[in-house]
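Before any comments, here is the structure.
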Amino acid sequence: MERIIDVSKLEPPEPLERILDSLAEMAPGDWLKVLHHREPYPLYGMLRNMGYCWSTIPGEVTSIEILIWPEEQEAPPGAELF
Amino acid sequence: MNTSGLSLEQAPPVEVPLRFFLAAPLHLLLAGILIALNPGELGSRWSPAVLASVHLVALGFMTQIMIGSLFQLLPVLSGISLGRLERNSLLPWLSLNLGAPCMGAGFLFGNFSLLAVGAASVALAVLPFIFIALFPLLKRDAPTFTIRGIRFALAVFFLVVCYGLFLVAVLNNWLPSERLTTHVDTHATLALAGWLGLLAMSISFQLTPLFFITGEFPSWFRQGAGIAILALLCLRMTLVLLELDPSIATNLLSLTAMLFSLLFIRLLRKRARKTPDPVVFYWQVSALTLFIASLLLLFGGQGETVAALALIGVGVIMPCGTLLKIIPFLSWLQLQNNQSKLGRFVIRIPHMNSFIDATSPWILLALLILLLPSLAVALRGYSYAGLFSGLLLIACALLQMRIFIGAHTKFRSTNRKIIEIPLKAD
């Protein structure tokens, strides 16, 4: 199931805090869609360390969207894999 | 987070800047004690207690925080390497924390040998730092406006320190000088407008949009302000050396500072998020004080009042506010990184806002705001205002220590939990 959070109006490091909080609460099979105004570079290293995959794509509501899912799960619809 | 232009993987361990940040309020405390014990001496810029307090605040507090911040910011902002940071930051930290009180004692007791030892210790702290920071910055291609401004600030800081050493030599009668007051004015102008002003302005170009999602300073200002300040400082020094009136350069410097403060206040009003944040108020008070100090300077106000407003308004209030954001941010980021290296969510890291209680920053700000008019009155020679200013400074320093130590204790206890859990699992 997709969970969506909009962190585009939050000041640092609240976007990171909200994203990490949401990941900790995610049930198996869920993935996270983050609506953001910039690429959260510090997040990517943390996601890699914690075994998550991500895909950053142009957003519809905000300038970018980041899809995040556990690496043992299949990529969610819309994710661009490199 | 707008991290464009940042190299976050280069960030040093939080302990590197923290050792500077935690030591800084001690010097503010010493300055406060000196002022409280000599409340009537604030009427003269040449009084031993004033000279001692000014150097404790300017070197022990302000420069200490600025150097600590640069150890953190330079690798992140410019991607340059400052070598082994834990080791390279130790000498500047030790020398500055020995040198500033030593200089203070030298001024206070009129002991020029002690003053020379203190000044040499400060030079030992600062000059190697300038070299290890400035040369990699000069080699960097396509510098941002912030990097360019930091280069200028470090170059001026080199001059400030050399000028200071020259003045110490004059006081020790090792060198002759007939124009001591003029040289002291130049030393102070370079320190306030060049070192403090250029650095605070350049860093605000990067940190304001980063922390408060405000948009950018106008590009014409970012492009021109740093070079304008540098050129005006050079012009002022040249006029002084030629024994001509430097007021044209001083007035243009005031106008540039006023323009910066107005743009800064306007930018802070454009925050995407309108919830009250004490740090925004610190920065707004700082910008407003800079505006008032520059206006006073432009209309021939008392030089001592202008210097005190600039030193406390920009040199103390701005770093105080910034640290209220930076210390929790760096602590939180380091804890998250430490935790993520374990590959799982072992501990819920406390939110950044929980590192500092909600009320203390506002109380500290109120004390600092009170300090500004109190000092302005004390500089006219009123002892009661001097005593009140000293006590306010002591209260500010103690509260700051409580805030910083509290945040650091929270960092250490959470970090210990992160480290201990995998050991238990083993």
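For a quick check: sort B:413, A:8, B:95 by the number of other beta carbons within 10 angstrom, fewest at the front.
Details: B:413 10, A:8 18, B:95 22.
Arranged by neighbour count, lowest to highest, B:413, A:8, B:95 become B:413, A:8, B:95.
Considering all alpha-carbon pairs of chain B, what whole percent are spaced by more than 26 angstrom? Walk me through the numbers before you get to the answer.
Details: 49269 of 90525 pairs.
The proportion of pairs with Cα distances above 26 Å equals 54 percent.
Measuring nothing but alpha carbons in the protein assembly as shown and taking Rh as the Kirkwood radius, the Rg to Rh ratio lands at 1.00. Once both labels are positioned 7 Å from their Cα atoms along Cα-to-Cβ, the gap between residue B:228 and residue B:383 label points is 4.6 nm. Against chain B, whose longest principal axis comes from its Cα atoms, helix B:112-139 is set at around 60 degrees.
Could you list the GluC sites (Glu not before Pro) in segment A:18-82 that lie in coil according to DSSP, counting only those with at most 13 other Cβ atoms within 10 Å of their Cβ? Please list the in-between numbers first.
On the way: sites: A:25, A:60, A:65, A:71, A:72, A:74, A:80; in loops: A:25, A:60, A:71, A:72, A:74, A:80.
Passing both the DSSP loop test and the Cβ count: A:25, A:60, A:71, A:72, A:74, A:80.
Compared with the dominant principal axis of the Cα atoms in chain B, helix B:303-312 is inclined by about 10°. Note on A:5-18: average number of Cβ atoms from other chains within 10 Å of each residue's Cβ is 5. This ranking places A:31, B:362 by how few other beta-carbon atoms lie within 10 Å of each, fewest first, which gives B:362, A:31. Each of B:309, B:21, B:198 was scored by the projection of its Cα onto the charge dipole of chain B, and the greatest displacement toward the positive side belongs to B:21; charges sit on the C-beta of Lys, Arg, Asp and Glu.
For the protein assembly as shown, the share of DSSP beta bridges that are antiparallel, to the nearest 5, is 70%. Answer with one residue from B:285, B:142, B:173: the one whose Cα lies farthest towards the positive end of the charge dipole of segment B:13-416, charges on Cβ with Lys, Arg +1 and Asp, Glu -1. Going by the charge dipole, the pick is B:142. Dividing the C-alpha radius of gyration of segment B:193-232 by 2.2 N^0.38 Å, with N its residue count, gives 1.18.
About its Cα centre, the dipole of chain B is roughly 1320 debye, where the only charges are +1 on Lys and Arg Cβ and -1 on Asp and Glu Cβ. Antiparallel beta bridges, as assigned by DSSP with both residues in chain A, represent about 70 percent of the total such bridges. Positive end of the dipole of the protein assembly as shown (Cβ unit charges, origin at the Cα centre): among B:110, B:159, B:65, the Cα lying farthest that way belongs to B:110.
So how do B:325, B:139 line up by other beta-carbon neighbours within 10 Å, fewest first? The partial results should precede the final answer.
Details: B:325 23, B:139 9.
The most exposed by this proxy come first: B:139, B:325.
Treating the angle as unsigned and between 0 and 90°, give the value, to the nearest 10°, between the Cα long axis of helix B:180-189 and the longest Cα principal axis of chain B. Helix B:180-189 sits at roughly 30 degrees to that axis.
For segment B:292-396, what is the convex hull (Cα atoms) projected area averaged across all directions, in square nanometres?
Working: hull surface 33.1 nm².
Averaging across all directions leaves 8.3 nm² for the Cα convex hull.
What chymotrypsin sites (Phe, Trp or Tyr not before Pro) does segment B:232-334 have in DSSP loop regions with at most 14 other beta carbons within 10 Å?
Details: sites: B:260, B:264, B:281, B:282, B:283, B:291, B:299, B:329, B:332; in loops: B:299.
When the chymotrypsin sites (Phe, Trp or Tyr not before Pro) of segment B:232-334 are filtered for loop state and at most 14 Cβ neighbours within 10 Å, B:299 remain.
Each part reduced to its alpha carbon centroid, segment B:101-141 and segment B:20-56 end up 18 Å apart.
Using the Karplus equation 6.51 cos²θ - 1.76 cosθ + 1.60 (θ = phi - 60°), what ³J(HN,Hα) coupling, rounded to whole Hz, does each residue of segment B:392-402 give in order, writing x for Gly and Pro? With coefficients 6.51, -1.76 and 1.60, one gets 4, 5, 4, 4, 4, 5, 5, 5, 4, 4, 4 Hz. The alpha carbons of segment B:269-354 give a radius of gyration and a Dmax of 18.9, 62 Å, in that order. Highest-first packing order for the peptide set B:212-220, B:30-38 is B:30-38, B:212-220, based on the mean count of other beta carbon atoms within 10 Å.
Can you tell me the dipole magnitude for the protein assembly as shown around its Cα centre, using point charges on the Cβ only (Lys, Arg +1; Asp, Glu -1), in Debye to the nearest 20? All intermediate terms of the calculation are to be shown ahead of the outcome.
Working: 34 positive and 30 negative charges, 116 e Å.
So the dipole magnitude of the protein assembly as shown works out to roughly 560 debye.
Read-outs: derived from the displayed coordinates by stated rules, not from any lab. Since this is a predicted model, take the numbers as computed values, not measurements. Counting neighbours? That spans all protein chains shown, and the Cβs are built from the backbone with ideal geometry, glycine included.
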